[in-house]
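Structure record follows, encoded as structure tokens.
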Amino acid sequence: MRRTTDSLLQPSDEVAEALDSGAPVVALESTIISHGLPRPRNLEVARELEEIVRREGAVPATIAVLDGVARIGLDEASLERVAMEPGLRKLSQRDLPLAAALKVSGATTVAATSFLAARAGIRLFATGGLGGVHRGWTDDQDESADLDTLSRTRVTVVCAGVKSILDVPATLQRLETRGVTVAGYRTDEFPGFYLRSSGRPVEWRIEMPEEAAAVMRGQDAFGGQETALIVANPIPEDQQLDPALHDRVLAEALATAEREGVTGQAITPFLLGYLVRGTGGASLEANLAAVRGNVALAARIALAWSRS
Ligand code: PSU
Ligand code: MN
């Protein structure tokens, strides 16, 4: 018997109404909450990000899997579970059928969130920094599934580039090869997540949310492979992490991960956590500043998109 996805994919009433009426909606990721930020600050941040979307005039849809059901838009109790539940899993796209079958709860990565957002009919998605090609790729071939999903999913992701713990040049190459459209938002340099610049150029620059919406219309008009649009939005200069501190603590973090044999799904949370401790919380503030800016911009693009 063939079943629909209806029972697996549950939008909240608010999100369902917004989508039905063509109102602007912004998807928010949950792995950053559960695995990317320390408790209990993460719960405050989860609420704050939703608040930013509302203030800009759009409807937030934080996405996570609870007891096997992909929830599109979370109520307060569900948001608390995502932030606080011990042992909550980190789910990429490939994990979703397993979580559904085994009725497991988990936070969704950029890959899983993009996939679910697109399924639910949500076009805009905001996060901090994308996953990508890890340093030392030649030894272990660790490349985030975020890249693969974005090469075949029609969403617009607003992010502060890719996480600086990664091999940024290799990640940009992969995005190029996979045909993912990338534009810098008011910048000619690809952002460096905690830093304003990664030191790499970005070839296309847009200045306004309406331009992002026009690019999205172009994607649909050309047709072809359902690729994503990455809007790379740098952190404001006065909120970036001190670059020297960043480089020093990141080198320590990478060396420690190697020594302790941290690999696979655990490596990204490990490195982000190490940076928070090693910078005395400064990397956390920079991470939050980046995410806040991305969420606000995603909402503005969602508004422009809903009017176009
Ligand atoms: N952005 C952040 N913090 C995070 C992440 C992104 O500011 O924790 C998460 C996202 O969920 C992203 C994941 O998809 O890190 C990448 O993990 P991996 O390298 O295992 O694919
Ligand atoms: Mn990985």
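Quick check, is Ala302 open to solvent by 40 Å² or more (accessible area, probe 1.4 Å) and either in a loop (DSSP other than H, G, I, E, B) or away from ligand 1 (no atom under 14 Å from the Cβ) (or both)?
no
Could you identify the single residue in Arg55, Arg71 that is in contact with a strand residue (DSSP E or B) (Cβ under 6 Å, 6 or more places away or on another chain), open to solvent by 20 Å² or more (accessible area, probe 1.4 Å) and more than 12 Å from ligand 1 (Cβ to nearest atom)? Explain how you work it out, then say what you get.
On the way: Arg55 fails: in contact with a strand residue (DSSP E or B) (Cβ under 6 Å, 6 or more places away or on another chain).
Answer to the selection: Arg71.
In segment 252-279, how many are among the aromatic types (Phe, Trp, Tyr) and more than 16 Å from ligand 2 (Cβ to nearest atom)?
1
Here's the yes/no breakdown for (1) free of Cβ contacts under 8 Å to residues at least 40 places away in the same chain; (2) over 18 Å from Arg174 (Cα atoms); (3) not hydrophobic (A, V, I, L, M, F, W, C):
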{"residue": "Tyr194", "(1), (2), (3)": "no, yes, yes"}
{"residue": "Pro201", "(1), (2), (3)": "yes, no, yes"}
{"residue": "Ile206", "(1), (2), (3)": "yes, yes, no"}
{"residue": "Ala212", "(1), (2), (3)": "no, yes, no"}
{"residue": "Gly218", "(1), (2), (3)": "yes, yes, yes"}
{"residue": "Ala228", "(1), (2), (3)": "no, no, no"}
{"residue": "Ala244", "(1), (2), (3)": "yes, yes, no"}
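Could you check segment 115-153 and list, in sequence order, the residues that are within 13 Å of ligand 1 (Cβ to nearest atom), open to solvent by 20 Å² or more (accessible area, probe 1.4 Å) and polar (S, T, N, Q)?
Within segment 115-153, Gln141, Ser144 meet the criteria.
If I ask for residues that are touching a residue at least 12 places away in the same chain (Cβ under 8 Å) and part of a helix (DSSP H, G or I), which ones from segment 259-276 would you list?
Gly264, Gln265, Ile267, Thr268, Pro269, Phe270, Leu271, Leu272, Gly273, Tyr274, Leu275, Val276
Taking the conditions exactly as written (closer than 23 Å to Thr156 by Cα, open to solvent by 50 Å² or more (accessible area, probe 1.4 Å), within 16 Å of ligand 1 (Cβ to nearest atom) and at pLDDT 95 or above), does Arg89 satisfy them or not? I'd like the intermediate steps shown before the answer.
On the way: closer than 23 Å to Thr156 by Cα: no; open to solvent by 50 Å² or more (accessible area, probe 1.4 Å): yes; within 16 Å of ligand 1 (Cβ to nearest atom): yes; at pLDDT 95 or above: yes.
No.
Being surrounded by fewer than 21 Cβ atoms within 10 Å (Cβ to Cβ) and part of a helix (DSSP H, G or I) is the requirement here; does Ala111 meet it?
For Ala111, the condition - surrounded by fewer than 21 Cβ atoms within 10 Å (Cβ to Cβ) and part of a helix (DSSP H, G or I) - is not met.
Can you tell which of Arg119, Arg81, Arg152, Arg71 is outside any helix (DSSP H, G or I), out of contact with any helix residue (DSSP H, G or I) (no Cβ under 8 Å at 6 or more places or on another chain) and at pLDDT 95 or above?
Every option except Arg152 fails the conditions.
Might you check whether a residue that is part of a loop (DSSP other than H, G, I, E, B), touching a Pro at 6+ places or on another chain (Cβ under 9 Å) and of a type outside the set (Ser, Thr, Tyr) occurs anywhere in segment 129-147?
Looking through segment 129-147, at least one residue is part of a loop (DSSP other than H, G, I, E, B), touching a Pro at 6+ places or on another chain (Cβ under 9 Å) and of a type outside the set (Ser, Thr, Tyr).
So Ala64 passes all but one of these: (1) within 18 Å of Ser12 (Cβ to Cβ); (2) without any contact (Cβ under 8 Å) to a residue 60 or more places away in the chain; (3) open to solvent by less than 40 Å² (accessible area, probe 1.4 Å); (4) not in a strand (DSSP E or B). Which condition number does it fail?
Answer for Ala64: the failing condition is (4).
Please count how many residues of segment 243-272 are under 20 Å from Pro38 (Cβ atoms), away from ligand 1 (no atom under 16 Å from the Cβ) and loosely packed, with under 15 Cβ neighbours inside 10 Å.
3
So, in segment 12-65, of the ones that are within 16 Å of ligand 2 (Cβ to nearest atom) and not small (Gly, Ala, Ser), which residue ends up farthest from Leu272 (Cα to Cα)? Full working, then the answer.
Just the residues of segment 12-65 that are within 16 Å of ligand 2 (Cβ to nearest atom), to begin with: 29, 31-32, 35-36.
If we keep only those that are not small (Gly, Ala, Ser) too, we end up with 29, 31-32, 35.
Values: Glu29: 16, Thr31: 12, Ile32: 10, His35: 9 Å.
Ranking the qualifying residues of segment 12-65, first place goes to Glu29.
Sort out which residues of segment 230-256 are within 16 Å of Lys163 (Cα to Cα) and among the small types (Gly, Ala, Ser), and write them in order of number.
Within segment 230-256, Ala232, Ala251, Ala253 qualify.
Considering only residues that are more than 26 Å from Arg217 (Cα to Cα), of a type outside the set (Val, Ile, Thr) and within 16 Å of ligand 2 (Cβ to nearest atom), which ones fall in segment 94-130?
Selection gives Arg94, Asp95, Gly106, Ala107.
Of all residues being free of Cβ contacts under 8 Å to residues at least 40 places away in the same chain and acidic (Asp, Glu) in segment 158-190, which is nearest to Glu211 (Cα to Cα)? Just the residue, please.
The extreme case among them is Asp188.
Which residues, counting only those in segment 277-299, are part of a loop (DSSP other than H, G, I, E, B) and buried (at least 18 other Cβ atoms within 10 Å of the Cβ)? Give the derivation first.
Taking segment 277-299 first, the residues part of a loop (DSSP other than H, G, I, E, B) are 279-281.
Thr279, the sole residue that qualifies.
The values are calculated or read from the model by the stated rules, or taken from the named source; none is laboratory data. Keep in mind that this is a model prediction, so the values were computed, not measured. Note: ideal-geometry Cβ built from the backbone for every residue, glycine included; neighbour counts use all protein chains shown. Keep in mind that these areas ignore ligands, DNA and RNA; they rest on the heavy atoms of the full protein, side chains included. Shrake-Rupley method; radii C 1.70, N 1.55, O 1.52, S 1.80 Å.
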